[in-house]
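A.B. asks: Once you've had a glance at the structure underneath, I'll fire off some questions.
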Amino acid sequence: MTTRKTVAARKAGLGKAGGAKNSGAKNTATKNSAAKNGGVGNSAAGASAPEARRASIERATTETRISLAVTIEGSGRYSVHTGIRFFDHMLELFARHGAFDLDLRCEGDLDVDQHHTVEDVGIALGEAFDRALGDKRGILRAGYFLMPMDETLAIAAVDLSGRTACVVKTKVKTRLVGDLQSELVEDFFEGFSRGARANVHLKTMYGRSNHHKVEALFKAFARALRAACSRDKQLGAMLPSTKGLL
Ligand SMILES: [Mn+2]
């Protein structure tokens with residue numbers, strides 16, 4: 001793994017990351033509406049719903065160029081192009097099951113291997129969630145889901161704790177699922193947990209189809225993350241931690 005040099009962009013100018021390569025600038029927040037949404041659970045009668053939390057990221061290294069925009073209160077709309085079709089399929093159903101909106105372009109060095117592409121997309125996606133959530137006041141913070149997919153059962157637990165930890169237990173037996181190198185599923189979630197500063201625990205309990213095993217993990221993860229990001233009416237603007245910082 002080479003050192004990553006990332007760049008910030010004001011906006012996810014999808015497909016316009018060209019000039020950003022190797023500027024060496026530190027990756028910084030781009031659009032983040034969460035700060036303005038500090039008053040989570042605004043109870044003023046007739047007040048419109050709080051502004052949707054969203055963030056955009058451009059990330060360029062010698063290995064990958066990524067443009068990404070995510071909206072937490074989305075409607076499951078997506079446009080995803082990573083160059084790995086099965087990975088696209090997983091990210092698309094992540095958006096739909098999480099009810100997120102996701103625009104994602106990644107041009108990675110797939111001629112080398114899929115590793116950089118999959119891991120860096122995970123990191124960028126995690127960073128986008130971290131930024132979109134702002135100071136995390138008024139969110140549930142933790143979530144879990146038990147996801148069946150036909151004969152397969154997967155579990156996911158997510159804590160947006162500010163700390164990184166990732167455990168993925170799968171029983172995928174083939175080197176490839178579709179065109180995706182199956183061992184990279186773990187690298188994606190590891191990258192996400194680093195970018196989002198989150199605890200991510202995933203396990204395929206059982207199943208037969210390798211396609212289902214991977215897909216059930218992504219669906220369970222999306223729904224656990226959706227729960228963790230959701231607004232907590234009871235805690236309101238309170239930080240969901242006794243530590244004072246997340
Ligand atoms: Mn499928």
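Computed from the coordinates by the stated procedures, all read-outs in this text should not be read as laboratory data. None of the values given here were measured: they were computed from a predicted structure. Glycine also receives a Cβ, built like all others from the backbone with ideal geometry; neighbour counts cover every protein chain displayed.
A.B. asks: Subtracting the Cα-Cα distance from 0.36 nm times the residue separation, let me have the gained length for E183 to A49 in nm, one decimal.
C.D. replies: Using 0.36 nm per residue and subtracting the Cα-Cα distance, I get 44.1 nm.
A.B. asks: Another one. Considering only the other residues whose Cβ falls under 11 Å of the Cβ of K173, what net charge follows from Lys and Arg at +1 and Asp and Glu at -1? Could you put the intermediate results ahead of the total?
C.D. replies: Values: positive: K171, R175, R208, K213; negative: none.
Net charge around K173: +4.
A.B. asks: Give, as a single signed number, the net charge of other residues whose beta carbon lies under 11 Å from the beta carbon of S79, with Lys and Arg counted +1 and Asp and Glu -1.
C.D. replies: Surrounding charge for S79 is -2.
A.B. asks: Within the range 189-227, whose backbone N sits under 13 Å from a point 7 Å along Cα→Cβ of E151?
C.D. replies: Once the point is set 7 Å along Cα→Cβ of E151, 206-213 turn out to lie under 13 Å by backbone N, inside the range 189-227.
A.B. asks: Then there's this: Where the Cα atoms of the range 81-164 are projected onto their three principal axes, how long is each span, largest first, in whole Å?
C.D. replies: 43, 37, 23
A.B. asks: All other residues with a Cβ under 12 Å from the Cβ of M238 taken together, and with Lys, Arg as +1 and Asp, Glu as -1, what is their net charge?
C.D. replies: So the surrounding residues net to +3.
A.B. asks: Quantify how much of the Cα-Cα distance distribution of the range 111-245 extends past 24 Å, in percent.
C.D. replies: In whole percent, the share of Cα-Cα pairs in the range 111-245 beyond 24 Å is 31.
A.B. asks: At 7 Å along Cα-to-Cβ for each site, give me the label-to-label distance between D109 and K173 in nm.
C.D. replies: 3.5 nm
A.B. asks: Run the paramagnetic zone check for L245: 7 angstrom along Cα to Cβ, then residues of the range 139-165 with backbone nitrogen under 15 Å.
C.D. replies: Answer for the range 139-165: 161-164.
A.B. asks: Right, another one. For the range 18-229, what is the convex hull volume of its Cα atoms per residue in Å³?
C.D. replies: 115 Å³
A.B. asks: In addition: Taking R0 as 41 Å, what FRET efficiency do you get between Y206 and A237 from their Cβ-Cβ distance, rounded to the nearest 0.05?
C.D. replies: On the way: r = 42 Å, r/R0 = 1.02.
Here the calculated transfer efficiency is 0.45.
A.B. asks: Follow-up question, since we're still on this one. May I ask you to list the GluC sites (Glu not before Pro) in the range 144-211 that are in a DSSP loop and have at most 15 other Cβ atoms within 10 Å of their Cβ? Don't skip to the end; give the middle numbers.
C.D. replies: Working: sites: E151, E183, E186, E190; in loops: E151, E183.
Here the sparse-neighbourhood loop sites are E151, E183.
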